[in-house]
1. Select from the range 120-143 the residues that are hydrophobic (A, V, I, L, M, F, W, C), more than 18 Å from ASP102 (Cα to Cα) and open to solvent by less than 60 Å² (accessible area, probe 1.4 Å) and list them in ascending order.
2. Is there any pair with a first residue in the range 115-128 that is within 14 Å of VAL177 (Cβ to Cβ) and a second that is modelled with pLDDT of 95 or more and in a helix (DSSP H, G or I) whose Cβ atoms are under 8 Å apart and which are 6 or more apart or on different chains, and what are they?
3. Can you name the condition, by its number, that GLY159 falls short on among (1) open to solvent by 10 Å² or more (accessible area, probe 1.4 Å); (2) among the small types (Gly, Ala, Ser); (3) within 26 Å of ASN117 (Cα to Cα)?
4. Among (1) farther than 14 Å from HIS119 by Cα; (2) touching a His at 6+ places or on another chain (Cβ under 9 Å), where does SER173 come up short?
5. Only one of ILE96, ILE61 is touching a strand residue (DSSP E or B) at 6+ places or on another chain (Cβ under 7 Å), part of a strand (DSSP E or B), among the aliphatic types (A, V, I, L, M) and modelled with pLDDT under 95; which?
6. Taking interchain pairs and intrachain pairs at least six residues apart, which have beta carbon atoms under 7 angstrom, with the first residue in the range 186-205 and open to solvent by less than 80 Å² (accessible area, probe 1.4 Å) and the second outside any helix (DSSP H, G or I) and among the basic types (Lys, Arg)?
7. Right, ARG39: assigned to a helix (DSSP H, G or I) and open to solvent by 90 Å² or more (accessible area, probe 1.4 Å) or not?
Amino acid sequence: MRKIITLIISGILINSCSSQRDFTYLDIDNKEISKSKFRQKRSTNQYLDIQIDSLNQKKLIERTKAGKLENFEAYRSLVSNKTSEKLDNTKPLVIIYHPGKDACNSSGSATKETLKNWHKTLEDGVQQLKANAPIYLYKEKEGLEKYDGVLNWHKDPDGLTEKLFFKYHYPCSSFVVISSDGEYVSYFGEFSKEYVWNAINLISK
């Protein structure tokens, strides 16, 4: 009996050790760096890290991206039609994106009242900067229960927002601001109201 127990415990320990994979760490240019360097860069607010499936690799990505969206008129029209939100085509478009439930957006002590106040302040600032009111899109609805009665979330039309701006599952939520001519600034992961306002100012110059 003792031999059987010993074998079982040994098997568990071996499996446990083998499950602790050794990762290769990559910088934003896909160059291998040390684990300590990776952690040092990750500790700043400039980067997130993603795990590349099946390759035992962790990669740093920058939290902001800027570019120009081709066919912006078609994207804006699709969002407006699918969400029934009326958009002013002369103003920037603000998209808040929920990727689905994760450890970041399912934790915390925010109440419906604090969520309502936070988003009211966000939207007031967006309005003052002469942008369209934020449109709230989700990939997976799980994790949005706390917003019931607070915000009106819409399914990402045809998954296009994810394809264009949010290639990976970034923690909490992300946003993108797009100017009337298609210039955009996106931010990945948890953000403050000020980040959205700054992005509007940036693409409005």
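1. LEU122, VAL126, LEU129, ALA131, ILE135 - these are the residues of the range 120-143 that are hydrophobic (A, V, I, L, M, F, W, C), more than 18 Å from ASP102 (Cα to Cα) and open to solvent by less than 60 Å² (accessible area, probe 1.4 Å).
2. Short answer, once both residue conditions are applied: LEU122/LYS193; LEU122/VAL196; GLY125/LYS193; GLY125/VAL196; GLY125/TRP197; VAL126/VAL196; VAL126/TRP197; VAL126/ILE200.
3. Among (1) open to solvent by 10 Å² or more (accessible area, probe 1.4 Å); (2) among the small types (Gly, Ala, Ser); (3) within 26 Å of ASN117 (Cα to Cα), GLY159 violates only (3).
4. (1)
5. Values: ILE96 fails: modelled with pLDDT under 95.
Going through ILE96, ILE61 in turn, just one is touching a strand residue (DSSP E or B) at 6+ places or on another chain (Cβ under 7 Å), part of a strand (DSSP E or B), among the aliphatic types (A, V, I, L, M) and modelled with pLDDT under 95: ILE61.
6. SER186/LYS65; TYR187/ARG63; PHE188/ARG63; GLY189/ARG63
7. Working: assigned to a helix (DSSP H, G or I): yes; open to solvent by 90 Å² or more (accessible area, probe 1.4 Å): yes.
Yes.
Let's see how each residue does on (1) surrounded by 13 or more Cβ atoms within 10 Å (Cβ to Cβ); (2) at pLDDT 95 or above:
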{"residue": "ASP22", "(1), (2)": "no, no"}
{"residue": "ASN30", "(1), (2)": "no, no"}
{"residue": "ASP49", "(1), (2)": "yes, no"}
{"residue": "ILE52", "(1), (2)": "yes, no"}
{"residue": "LEU69", "(1), (2)": "yes, yes"}
{"residue": "ASN81", "(1), (2)": "no, yes"}
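The values are calculated or read from the model by the stated rules, or taken from the named source; none is laboratory data. Remember, predicted model here, so these are calculated numbers, not experimental data. Neighbour counts run over all protein chains shown; Cβ positions are idealised from the backbone, glycine included. Calculation scope for accessible area: heavy atoms of the full protein, side chains included, ligands and nucleic acids excluded. Shrake-Rupley method; radii C 1.70, N 1.55, O 1.52, S 1.80 Å.
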